[in-house]
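Some notes on the structure that comes next.
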Amino acid sequence: MDVAEAKRLKQLEMENRRLKKLLAERDLEIEVMKEAMVFIELWRKHANQEMPDSSRHDLTPAEFQAMSRQPTQPLRPLSGSK
């Protein structure tokens, strides 16, 4: 092996190390994103099923749904109006 081939081999090995490192970093990022997706889905379910919310008068979704299923009283006209 001459000097030029040895230099080229060294360059290829360095490039190979760099690409392996990039691949490992990408794989780690994918795993982190998968874990984040699981966490976000758990939080979304909790927020949409268990957490009180001011738009629902600080009731949980189940409480709000139960309240909205109750029969409502018909509206009475304001006093003094015809």
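Nothing in this text is a laboratory measurement; each read-out follows from the coordinates by a stated rule. These figures come from a predicted structure and were not determined experimentally. Please note: Cβ atoms are built from the backbone with ideal geometry, for glycine as well, and neighbour counts cover all protein chains shown.
Let me know the charge dipole size of region 3-53 about its Cα centre in debye, to the nearest 20, where only the beta-carbon of Lys, Arg (+1) and Asp, Glu (-1) is charged. Present the calculation step by step, with values, prior to reporting the outcome.
Working: 11 positive and 11 negative charges, 108 e Å.
That gives region 3-53 a dipole magnitude of about 520 debye.
Amide H to amide H, which residues 5 or more places from L59 or on other chains are under 5 Å from it, using H placed in the peptide plane?
Hits under the 5 Å cutoff: D53.
Per residue of region 53-64, what does 6.51 cos²θ - 1.76 cosθ + 1.60 with θ = phi - 60° give for ³J(HN,Hα)? Whole Hz please, x for Gly and Pro, Karplus curve as stated.
9, 5, 5, 10, 6, 6, 9, 6, x, 5, 5, 5
Short version: ³J(HN,Hα) in whole Hz for each residue of region 26-41, in order, from phi by Karplus 6.51 cos²θ - 1.76 cosθ + 1.60 (θ = phi - 60°), x for Gly and Pro, what are they?
5, 4, 5, 4, 5, 5, 4, 5, 4, 5, 5, 4, 5, 4, 5, 5
If you rank D2, D58, D53 by fewest surrounding Cβ atoms within 10 Å, what's the result? Walk me through the numbers before you get to the answer.
Values: D2 7, D58 10, D53 13.
Ordered by Cβ neighbours within 10 Å, fewest first: D2, D58, D53.
Cut-off under 27 Å on the C-alpha distance; same-chain residues fewer than 8 positions from K34 excluded. Which lysines are left, in chain and number order?
Cα-Cα hits under 27 Å: K20, K21, K45.
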